[in-house]
1. Equivalent-ellipsoid semi-axes (√(5λ), Cα gyration tensor) for the stretch 68-205, whole Å, largest first?
2. Please list, in chain and number order, the residues 5+ apart from K205 or on another chain whose amide H is under 5 Å from its amide H, with Hs placed from the backbone.
3. Starting from the Cα gyration tensor of the stretch 34-85, take the square roots of the eigenvalues, sort them a ≥ b ≥ c, and report rounded, prolate or oblate (rounded when a/c is under 1.5, otherwise prolate if a/b is larger than b/c, else oblate).
4. Run the numbers for T82 and N33: contour at 0.36 nm per residue of separation, minus the present Cα-Cα distance, in nm.
5. List every residue whose amide H lies under 5 Å from the amide H of I77, counting only residues 5 or more places away in sequence or on a different chain, with H placed 1.01 Å from N in the peptide plane.
6. Is there a quick way to get the dipole size of the stretch 1-106? I mean about its Cα centre, with the Cβ of Lys and Arg at +1 and of Asp and Glu at -1; what is the value in debye to the nearest 20?
7. Quick one: Cα centre-to-centre distance for the stretch 84-150 and the stretch 1-75, in angstrom?
8. Computing the accessible area with a 1.4 Å probe over protein heavy atoms, can you report the carbon and sulfur percentage for the chain?
Amino acid sequence: MILKASNISYNRILKNISLSLEKGELLGIIGPNGAGKSTLVKILTGIITPNSGNIIIYNKNLSSMKAFEIARNISYIPQELTVLHDIIVKDFLYLYRYSFFENMNKSESIIEEAAKLCGISCLLSRNLRTLSGGEKQKVQIAGAVVQRAGIWICDEPTSSLDPGAKSDFYSMIDNIRSKKEISILITSHDLTELVSRADNILAIKDGKIFFDGICAQLDKDILSSLYDSDFNMMKYNGKRIFTIS
């Protein structure tokens, strides 16, 4: 087990949330807006300190880790990459190596390898601000590869992407996970994509755990109760598709 959160509570938002992440696992976190998913992500990345509970990363308490230690172990991929100033993609990717205090020549080879893996070699000389949403998300994924953290925490990473870009994101994640054996936690409203690719699902409602189990156990009745809406389920090409009635 590489990440374990126990009895996490924060103000009135989260109440005794516990979860674990195994090596190579993809854990999906779902739930209605306001359930506390983004707050949980910020706690798991050390941005917010919980009122109670603890988080263990590779057998070390997150609260005792320095910023550079967290950066070496956890990569954070937010909903959308906001860029306020002009910066070349390659220069932006160098920022993901800041915690290693290494020679730039070594960083350059790592960046080129990550760019090739993520299919963005053609974007390295581009201005990051000129890229599309899908291209920016690929750059963020490449940044996580450059960072070489074993844990990726993604907060609704496809919320602003079109259907094609969403499919590309998940396909890229699958490919990288198979090659790098990283562990990924994703919060998302893309139920069909997430359920078809995740190993396990954790559902949160009103700040509490509503469901915790393997994806095969998640059905339309659970989703209907979770979101207070009537869900239907159908299968297409072996994939379960969830829709609201």
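The values are calculated or read from the model by the stated rules, or taken from the named source; none is laboratory data. Model, not experiment: these values are computed from the prediction. Glycine also receives a Cβ, built like all others from the backbone with ideal geometry; neighbour counts cover every protein chain displayed. Ligands, DNA and RNA are excluded from the accessible area calculation, which covers all protein heavy atoms including side chains. Shrake-Rupley method; radii C 1.70, N 1.55, O 1.52, S 1.80 Å.
1. Working: eigenvalues 116, 62, 36 Å².
Square roots of five times the eigenvalues give 24, 18, 13 Å.
2. F210
3. Judged from the Cα gyration tensor, the stretch 34-85 comes out oblate (a/c at least 1.5, b/c at or above a/b).
4. Working: separation 49, 0.36 × 49 = 17.64 nm, distance 2.16 nm.
Computed gain between T82 and N33 is 15.5 nm.
5. Hits under the 5 Å cutoff: I153, C154, D155.
6. Numbers: 12 positive and 7 negative charges, 65 e Å.
In total the dipole reaches around 320 debye.
7. Answer, in whole Å: 25.
8. Values: 5650 of 11780 Å².
Carbon and sulfur: 48 percent of the exposed surface of the chain.
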